[in-house]
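Here is the structure we will look at.
The values are calculated or read from the model by the stated rules, or taken from the named source; none is laboratory data. On a predicted model such as this, the values are computed, not experimentally measured, just so you know. A quick note on method: Cβ atoms are made from the backbone with ideal geometry, for glycine too, and the neighbour counts reach across all protein chains shown. Only protein heavy atoms, including side chains, enter the accessible area calculation; ligands, DNA and RNA are left aside. Shrake-Rupley method; radii C 1.70, N 1.55, O 1.52, S 1.80 Å.
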Amino acid sequence: MTDADPSERVSSGISGLDEMLRGGFFKGTANVVSGDSGTGKTIFGTQFIVEGAKNGEKVMCIITSEESKSIVKEMKTSFGWNLEEYVEQGLLTFVDITDPSLRLQKSVEIAPSELIKSFKKLVESKIEDIQPTRIFIDSVEALFLAIESNYKLRTLIDDVFSVFRKHNVTSVITVGSMFGLDEMVEYGADSVIKLGRIIAGNNLQRSIYVMKMRGSGTINEVRVLSISDSGMAVLAQSPYLE
């Protein structure tokens, strides 16, 4: 976290989470949100950039495995967030890695490490051009799963995260729980938030906790993560209570 400003915090946009983080994310840090499929990672990241756009900040959403129109439709239908309006206002920029014009799709003709290097160059170019304050990447599995060497994987993850720190951009990066990739990505992050599901009696509860945050204390509790028509909120109660 050498390039981050330890005195400046950035709100997550999620009610109750900033309390757990003792004030929000540090500005200019790489923050990982991990969990199984369906735990709310995409909602989390979208709510983070919506918070910035609502406040007049320029934000960026980088999508690696689906088209932006899918997220736009889902978020408007589920929560009433009009992402297209932010795009029209010049506050939100989508970067679709699956777009053929970017020439960054996974291909047998492209070595995985070269794909990531191209991704890094693309992201840095976009940051320098747009100058966003927040970035959401959903998600990094498509980039890193094909890297067989753990040493090379760690190096490439650090290289990508260093771009955000270098440009003082606060980023949220999602990663799924699979094949140990999440542990490697979490290791290089400035903070890690874990999303999950817990069965307590006959109840299925969504859960959230802060696994780590460099340079700051946190509330060391597992809490209930609520998803309603207005988005995510962290409740000051344990999901283990029946």
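Looking only at the stretch 203-215, how many residues end up being open to solvent by 30 Å² or more (accessible area, probe 1.4 Å) and either free of Cβ contacts under 8 Å to residues at least 40 places away in the same chain or closer than 22 Å to Ser171 by Cβ (or both)? Show your work before the answer.
Residues of the stretch 203-215 open to solvent by 30 Å² or more (accessible area, probe 1.4 Å): 203-206, 209, 211-212, 214-215.
If we keep only those that are either free of Cβ contacts under 8 Å to residues at least 40 places away in the same chain or closer than 22 Å to Ser171 by Cβ (or both) too, we end up with 203-205, 209, 211-212, 214-215.
Number of matching residues: 8.
What do you reckon, is Arg197 over 15 Å from the mean Cα position of the chain (by Cα) and crowded, with 17+ Cβ neighbours inside 10 Å? In short, no. Checking each residue in the stretch 135-177 for being of a type in the set (S, T, N, Q) and open to solvent by less than 10 Å² (accessible area, probe 1.4 Å) picks out Thr170, Ser171, Thr174. Selection of first residues in the stretch 6-30 that are more than 15 Å from Gly45 (Cβ to Cβ) and open to solvent by 10 Å² or more (accessible area, probe 1.4 Å) and of second residues that are of a type in the set (Asp, Glu) and in a strand (DSSP E or B), restricted to Cβ pairs under 6 Å at least 6 apart or on distinct chains, gives the following pairs, ordered by first then second residue: Lys27/Asp5; Lys27/Glu8. Being modelled with pLDDT of 95 or more, within 28 Å of Leu17 (Cα to Cα) and over 17 Å from the mean Cα position of the chain (by Cα) is true of Gln131.
Six or more apart or on different chains, Cβ under 8 Å: which pairs go from a residue in the stretch 88-104 that's of a type in the set (Phe, Trp, Tyr) to one that's at pLDDT 80 or above and open to solvent by 50 Å² or more (accessible area, probe 1.4 Å)? Could you list them? Every condition considered, the pairs that remain are Phe94/Val87. Against the list (1) touching a residue at least 40 places away in the same chain (Cβ under 8 Å); (2) of a type outside the set (Val, Ile, Thr); (3) in a loop (DSSP other than H, G, I, E, B), the condition Met178 fails is (1).
Residues of the stretch 141-175 that are outside any helix (DSSP H, G or I) and at pLDDT 90 or above: His167, Asn168, Val169, Thr170, Ser171, Val172, Ile173, Thr174, Val175.
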